[in-house]
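Working notes for the structure below.
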Amino acid sequence: MYDFSYHRPVSLAAAAAIAARDGYKLLAGGMSLIPALKLRLARYSGLVDLGALGGLRGIAREGNAIVIGALTLHAEVAASPEVARAIPALAALAGGIGDPLVRNRGTIGGSIANADPAADYPAGVLGLGATVRTNQREIAADDFFTGLFTTALQPSEIITAVRFPIPQAAAYCKHRQPASRFALAGVFVAQTAAGARVAVTGAGPSAFRLAEAEAALGKRFEASALDGIDISPRALNSDIHASAEYRARCVQVMARRAVLKACEDRAGGR
Amino acid sequence: MATVSLTVNGQRVSAEVEGRTLLVQLLREHLNLTGTHVGCDTSQCGCCTVHLDGKGVKSCTVLALACEGATVTTIEGLARGGELHPMQAAFREHHALQCGFCTPGMIMSAVDMVSRKGHDLDERTVREQLEGNICRCTGYHNIVKAIQAGAAAMKRS
């Protein structure tokens, strides 16, 4: 790892000011950034560690939504009774990220700012139609993920929290690459007052929605509504782990399983 | 270079480190606590697991300077008064190691597991919760048995 200057500001304003310097990068839990630095896939003149900004951590119910602070750990979301009551699918998603040691350090803000094409949180953020709050503005999930490891965030813009509207039913299912355990394809489905949402991770350059599946589920939120909906492998990822055709099939199966699970959980009163 | 001060195994320590110095390097190279191992160095294997403010983390993926004011426990800090920690004793009793390289991380992860999941651990829970620790001798069978026994012994002690 190349050396860099390290900063640990105690206010959001100071963090934003330092992050605006040329070649500087924000550091949250570091579960993706530190491995990237160690492999020399990335190099920065300075890192701005957000770890001392305790105000960015915590989970709260705000009206018909759950608001999660940007520095909240995956383990905290997974174990939160508040999240489990309101959006059990989100608690389950967080509890399936990486491994327990990674979940003890990784943060929701870091995960979505990094926008790894195979990360789990982007599917949840997009699938639930969440709003990303930053030190400058609010960004709708639909406008947030713009490409491979790319988001709408400006260089010195800092995520402060993510607001998740509570759905009527939701579930997340992923098919893991057996060695890395990252999603070859993961699908988050949600039934909301405004219709159905279906978001896919792991299969494309960044998380994306499936309009055709959403339209079908909007009419009838059950697994059979997805019968006959073809997922095109065009524009999906192809690599040593899986072809685009295989991923397309995975998306179809995961979407179906997620709807089945969402319906089961709804029937079970969860 | 900058100074980092923290508590390691109950003792206040300070060291001069670079921005890029990792917690595992601080432990092994500055404090000579070589019980914490570096296996893969890519956050997969869990050999470097320590407790940072009470939570199990991979010390090869934490910056030393981020630990300013923190409390760290390593494998060297588990035993009390010359007596092995119940989890260490269970690993010995059940012969939960072959080459032993992954063992410190396995034990630190196991103690973290008990703090999150309690003392009554079934086999499936242990195997799932051990996802972040890799034993390349593939000796998981006895490791799982040891963690179940160690968890129960921690309740009694």
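Please treat every number below as a calculation from the coordinates, not as lab data. On a predicted model such as this, the values are computed, not experimentally measured, just so you know. All Cβ positions, glycine included, derive from the backbone under ideal geometry; neighbour counts span all protein chains shown.
If the cut-off is 17 Å between C-alpha atoms, which aspartates and glutamates fall inside it for B:Lys55, apart from same-chain ones fewer than 8 positions away? Here the aspartates and glutamates satisfying the reach criterion relative to B:Lys55 are A:Glu76, A:Asp99, B:Glu68, B:Glu76, B:Asp112, B:Glu131.
Determine the dipole magnitude for the range B:2-77: charges of +1 sit on the beta-carbon of Lys and Arg, -1 on that of Asp and Glu, nothing else is charged, the reference point is the Cα centre, and the result goes in debye to the nearest 20. The partial results should precede the final answer.
Numbers: 5 positive and 7 negative charges, 31 e Å.
The dipole magnitude comes to about 140 debye.
Taking the Cα centre of the protein assembly as shown as origin and assigning +1 to Lys and Arg Cβ atoms and -1 to Asp and Glu Cβ atoms, the resulting dipole is close to 440 debye. Annotation: peptides A:186-195, A:44-53, A:171-180, ranked by per-residue average of other Cβ atoms within 10 Å with the highest first, follow the order A:186-195, A:44-53, A:171-180.
In chain B, the calculated helix contribution to ellipticity at 222 nm averages -9000 deg cm²/dmol per residue, counting -39,500 (n - 2.57) for every DSSP H run with n ≥ 4. Helix B:103-117 against the longest principal axis of chain B: what's the angle in degrees, Cα atoms only, rounded to the nearest 10? Tilt relative to chain B: about 80 degrees. Note on chain A: Lys pairs 8 or more places apart or on different chains, Cα atoms under 29 Å apart, count 5. Of the residues A:Asn135, A:Gly95, A:Val48, the one whose Cα sits farthest toward the positive end of the charge dipole of the range A:34-165, with +1 on the Cβ of Lys and Arg and -1 on the Cβ of Asp and Glu, is A:Val48.
Taking the Cα centre of the range B:1-141 as origin and charging only Cβ (+1 Lys, Arg; -1 Asp, Glu), how large is the dipole, in debye to the nearest 20? All intermediate terms of the calculation are to be shown ahead of the outcome.
Working: 12 positive and 15 negative charges, 14 e Å.
Charge dipole, the range B:1-141, about its Cα centre: 60 debye, nearest 20.
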